[in-house]
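Take a look at the structure below.
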Amino acid sequence: MRSKQVTFRGCMAAVCAMWFAAAAIPTSAQTPAATDTPTPGVTAQAPASTAPPAAAARPAAPAPTGPGGACLKCHEDDIGGMLSTKHAVTGHGRTPWGTGKACESCHGESTEHIRNTKVKPTVVFSKTTPAAERSAPCLACHQGGDRMHFAGSIHERNDIACNDCHKPHNAADQVRVAQTQAGVCFDCHKDKRAASLRASTHPIRSGGMPCTSCHQPHGSVGEHNLIKTSVNDTCYTCHADKRGPFLWEHPPAREDCTNCHDPHGTNAASMLVTRPPFLCQQCHQTPFHPSTNYSGNNLPPNLGADKMLGSACVNCHVKVHGSNHPAGARFTR
């Protein structure tokens with residue numbers, strides 16, 4: 001029994017000796033040298049003696065290179081989104097980034113601004129800069145097509161510059177997105193904003209029918225910057241059934257749709273400027289029907305209710321835009 005205890009104690013002493021010998025080996029011999037690139041699939045662990053990761057020095061972000069790199073060093077937060085636009089397509093020879101000029105294409109060389117940021121760029125797109133100077137860099141590339149009538153247009157005559165509506169630094173230009181376009185136009189056309197909130201209106205605010213469905217903001221040969229030469233021709237692009245020609249014409253409808261309708265919105269059905277019979281009696285006062293203006297006194301049980309209820313005059317004269325029926329001289333069929 002005693003011999004077994006002696007043997008056990010001898011083994012324990014040998015184990016302890018080996019453990020102390022291993023502890024005496026320098027740490028550098030046990031820990032592999034740190035490398036910049038960790039082994040794939042293995043999570044690197046910092047030695048206990050190093051500082052916490054939060055306090056460790058982080059390498060500086062690489063400076064932007066290529067076209068516009070000098071500008072993006074300071075302006076990356078406010079114009080970085082421009083790198084996602086068509087202006088930053090490097091494979092096209094006509095874009096600012098494709099020509100290699102980048103920001104200089106619109107803002108000029110701005111050499112002094114790069115040296116001293118307190119000096120403004122050569123071309124500044126601020127409200128104090130004349131509209132013609134702000135539009136000039138844009139029109140240097142964007143000419144012809146839909147913009148061929150911008151010179152002399154109502155917007156150009158009222159000193160509306162391109163950057164008053166367009167934001168070229170943004171990845172998504174709101175005035176070119178159907179759902180947000182009306183909000184940009186409403187900044188100036190506040191009366192049209194009010195009309196679009198009425199009971200009967202085109203789907204302008206929802207983007208189903210943005211302003212450019214009818215208007216060409218860069219100018220056109222028609223009135224009110226319409227996409228066609230007249231109001232009726234613009235309306236006929238959607239309402240082709242009202243075009244005609246008709247055997248029996250209704251002069252107000254053939255002359256101008258806005259004689260009876262307000263396309264931006266009204267509180268009467270079908271965007272009428274006012275509800276019948278009052279709308280009809282603006283022209284039809286003496287022939288055929290009594291010339292007395294209808295009012296609430298004509299409601300039941302009094303006479304004349306058929307001219308006040310429902311669609312009033314349109315209860316019978318249903319073809320007010322014109323009729324091809326031989327018996328349609330009164331637009332009844």
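The values are calculated or read from the model by the stated rules, or taken from the named source; none is laboratory data. Predicted model, so just to flag it, every value in this text is computed and none were measured. Please note: Cβ atoms are built from the backbone with ideal geometry, for glycine as well, and neighbour counts cover all protein chains shown. Side chains are part of the model used for accessible areas, which takes the heavy atoms of the whole protein and leaves out ligands, DNA and RNA. Shrake-Rupley method; radii C 1.70, N 1.55, O 1.52, S 1.80 Å.
Overview of values
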item: Only one of Pro210, Pro217, Pro252 that is open to solvent by less than 30 Å² (accessible area, probe 1.4 Å) and touching a residue at least 24 places away in the same chain (Cβ under 8 Å); result: Pro210
item: Helices (runs of 4 or more DSSP H) enclosed by the range 82-183 - at least 2 residues per element that are open to solvent by 80 Å² or more (accessible area, probe 1.4 Å) and farther than 27 Å from Val221 by Cα; result: 111-115
item: Looking only at the range 297-333, and only at residues there that are in a helix (DSSP H, G or I) and either of a type in the set (Lys, Arg) or over 47 Å from the mean Cα position of the chain (by Cα) (or both), the one that is nearest to Lys242 (Cα to Cα); result: Lys307
item: Those residues of the range 198-207 which are touching a residue at least 60 places away in the same chain (Cβ under 8 Å) and either open to solvent by less than 30 Å² (accessible area, probe 1.4 Å) or of a type in the set (Asp, Glu) (or both), in sequence order; result: Ser200, Ile204
item: Residue ID - modelled with the lowest pLDDT, chosen from residues in the range 251-291 that are more than 19 Å from Asn315 (Cα to Cα) and part of a loop (DSSP other than H, G, I, E, B); result: Thr286
item: Flag for Gly207 being at pLDDT below 95 and on the phi > 0 side of the Ramachandran plot; result: yes
item: Test result for Ala195, among the small types (Gly, Ala, Ser), open to solvent by less than 90 Å² (accessible area, probe 1.4 Å), in a helix (DSSP H, G or I) and in contact with a strand residue (DSSP E or B) (Cβ under 8 Å, 6 or more places away or on another chain); result: yes
item: All positions within the range 100-122 that are hydroxyl-bearing (Ser, Thr, Tyr) and free of Cβ contacts under 8 Å to residues at least 24 places away in the same chain; result: Ser110, Thr111, Thr122
item: Qualifying residue in the range 236-243 (condition: among the hydrophobic types (A, V, I, L, M, F, W, C) and at positive phi); result: no
item: Scan of the range 234-249 for residues that are part of a helix (DSSP H, G or I) and open to solvent by less than 50 Å² (accessible area, probe 1.4 Å), ordered by number; result: Thr234, Cys235, Tyr236
